[in-house]
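One structure is given below, encoded as C-alpha cells.
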Amino acid sequence: MNISGMKVKLGIVILLLVGGAVALQFSALLLGSEVDKAPAPLAHDLLLLGKQLGDQPRFMALGHDRAMEPDVLAGLGTNLYLLRDYTKLAADKTSTNDVVSLNINYYERGTATPHVPDICWAGNGLTKVYDTEILVPNVPHKDGTRSTVPMRLLSFAPRKAEGMIPGLEEKADQSRLLTVGYTFQVNGQYVGNRAQVVKLFWRRDSRFGYHCKIEITYRAYVPPEQARPVIEDFLRASLPQIEECLPDWQKLNAPTGGTTAAGVVPGH
C-alpha cells in the first residue's frame, strides 16, 4: 500500500473515532444521564505498572515502552496510555516465544468513544476473521478476590503489504491470524463491548466517571486457539497491578467520600 493510500485510510479511521465520540455523548442524552462528569484521575501513573507480572512471576517486560504518534493520539482521545510488550516465562524463568503487547487507554471522563481494534486495525488493512465475546474465569483482583471477566476476542488475517505492528512478520497462510482480546473497566465494573461502556458510564447517581480499555495482543500470526490461553493467562497475571493504577470508583462516589460500600467489590 502506498503512503497516500495509508493517509486516506488513517483519515477515515480518525473520522470514525470522532463520530463515535459524538454518538457517545448523544447516547448519554437519550438515556437521560448526566453528561458533565467530574474527571476521575488515575491513582498511579500507568508507567508504574510492574515489569514483572503474576506469581513467580509469569510474565516479564521486553524492551522499552512504546510511544504513539501524534496523529494516533488525536484519534485516541487521551494521552493516558501504556504500550508495553511482555514475554511469558517458562518454569526455569527463561523467556518463551509467547509474547504479548499490552495497550491500556485511560479516560478520566467520558468525552471520547472507546478506541478498539475493530475499527483501527481494519482501517490499516487487516481483515477480521473471528469476533466473539468470551468469559475469562478465575481472574484475580487487587483485593484478593477472583471473578469472571468478560472479554472481546478478535482475530485478523494479515494484509498483503507490511504488517501493522512493527516487528511482526507476515504469513501467507491465512489460517494463521493475529489475535487480540480486550475488556473495559467502567466505574469499577468490567464489560466486553462499547455499548456496555456507554450504559455504565452515564449513570445519574455518579458524580465521577471513567473508563479504561485493557487490550492484549498476541504478537505472532498463529491459530487463535494457540493465542487465546496466553491472552487469558496474561489478563490474570496483570489485572491486580492494573487495578492498583485505577481509581476506586466506590470511594469517589461515596456520599461522604468515605470507604467502599459494604458488599461491593471493584471489578465484579
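Structure values in brief
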quantity: Interchain or long-range residues, amide H under 5 Å from Gly125's placed H; calculated: none
quantity: Distance in nm between pseudo-label sites at Asn97 and Gln226 (7 Å out along the Cβ direction from Cα); calculated: 0.6 nm
quantity: Violating pairs (Cα-Cα greater than 31 angstrom) within the set Lys51/Lys199; Lys93/Lys128; Lys88/Lys128; calculated: Lys51/Lys199; Lys93/Lys128
quantity: Phi-based couplings in Hz for the range 73-82 (Karplus 6.51, -1.76, 1.60; Gly and Pro marked x); calculated: 4, 4, x, 5, x, 7, 10, 9, 8, 9
quantity: Integer Hz, Karplus 6.51/-1.76/1.60 couplings in order for the range 244-251, x for Gly and Pro; calculated: 5, 7, 8, x, 8, 4, 4, 5
quantity: Amide H contacts under 5 Å for Asp85, placed H, 5+ residues apart; calculated: Leu62, Leu102
quantity: Under 5 Å, built H, 5+ apart or other chain: amide partners of Phe59; calculated: Leu53, Leu89
quantity: Table column - 3J(HN,Hα) (Hz), the range 140-152, Karplus curve with 6.51, -1.76, 1.60, x for Gly and Pro; calculated: x, 10, 5, 8, x, 7, 10, 8, 9, 10, x, 8, 8
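Laboratory data are not the source of any read-out in this text; all were calculated from the coordinates shown. In this text the structure is predicted, and so the values were computed from the model without any measurement. Cβ: placed from backbone, ideal geometry, glycine included. Neighbour counts: every protein chain shown.
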